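**Student:** Input: one structure, supplied below.
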Amino acid sequence: MEVHGAPEISQSVLDTGEAVPTAKADSYALGASLFISATGWRAVAYPDDASREEQRQAVVEGPHRPVNVPGVLGKLIEHMLSPAPDDRPTLAEVCDAFRAEL
């Protein structure tokens, strides 16, 4: 199983063994899922056989792969993968962006 959690969630798990989910972390996780769906690559590079701890450390330390997805989807994914939780869109904003494109 791969880690698609937000950097702040991964850091919390590394530090305390626990995580408190947030809507901003959900936005990141959805962005990471969209990224891998659109590109076939994880947003953060780590070996396929990396342990969960190594995966989380990679998510925390980055670097993230560039978002080379064209158009509105690429801009949205880039926004969702922001390392700063307050810079990520809300899930309502994500839904609005999708609706605007349909």
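**Student:** State whether the residues of the range 26-43 include one that is β-branched (V, I, T) and without any contact (Cβ under 8 Å) to a residue 60 or more places away in the chain.
**Tutor:** Checking the range 26-43: at least one residue is β-branched (V, I, T) and without any contact (Cβ under 8 Å) to a residue 60 or more places away in the chain.
**Student:** Any idea which of E101, E61, E18 is surrounded by 11 or more Cβ atoms within 10 Å (Cβ to Cβ) and either at pLDDT below 90 or of a type outside the set (A, V, I, L, M) (or both)?
**Tutor:** E61
**Student:** What are the residues in the range 32-56 that are hydroxyl-bearing (S, T, Y) and either surrounded by fewer than 12 Cβ atoms within 10 Å (Cβ to Cβ) or assigned to a loop (DSSP other than H, G, I, E, B) (or both), if any?
**Tutor:** S37, Y46, S51
**Student:** If you don't mind, another one. How about the range 75-85: which of its residues are touching a helix residue (DSSP H, G or I) at 6+ places or on another chain (Cβ under 7 Å) and within 23 Å of E18 (Cα to Cα)? Steps first, please.
**Tutor:** Going residue by residue through the range 75-85, those that are touching a helix residue (DSSP H, G or I) at 6+ places or on another chain (Cβ under 7 Å) are 76-77, 80-81, 83, 85.
Selection gives M80, L81, P83, P85.
**Student:** Only one of these is part of a loop (DSSP other than H, G, I, E, B) and touching a helix residue (DSSP H, G or I) at 6+ places or on another chain (Cβ under 7 Å): V94, V67, V72, V59. Name it.
**Tutor:** Numbers: V94 fails: part of a loop (DSSP other than H, G, I, E, B); V72 fails: part of a loop (DSSP other than H, G, I, E, B); V59 fails: part of a loop (DSSP other than H, G, I, E, B).
None of the others qualify; the one that does is V67.
**Student:** Right, something else. Return the pairs, sorted by first residue and then second, in which the second residue is in a helix (DSSP H, G or I), the first residue lies in the range 50-61 and is charged (D, E, K, R), the beta carbons are less than 8 Å apart, and the residues are 6+ apart or on different chains.
**Tutor:** The qualifying pairs are E53/L14; R56/S10; R56/Q11; R56/V13; R56/L14.
**Student:** In addition: Tally up the residues in the range 82-98 that are out of contact with any Leu (no Cβ under 9 Å at 6 or more places or on another chain) and either of a type in the set (A, V, I, L, M, F, W, C) or surrounded by fewer than 10 Cβ atoms within 10 Å (Cβ to Cβ) (or both), please.
**Tutor:** Residues meeting the conditions: 4.
The values are calculated or read from the model by the stated rules, or taken from the named source; none is laboratory data. Quick caveat, the model's predicted, so the values are computed rather than measured. Here the Cβ is made from the backbone with ideal geometry for all residues, glycine too, and neighbour counts use every protein chain on show.
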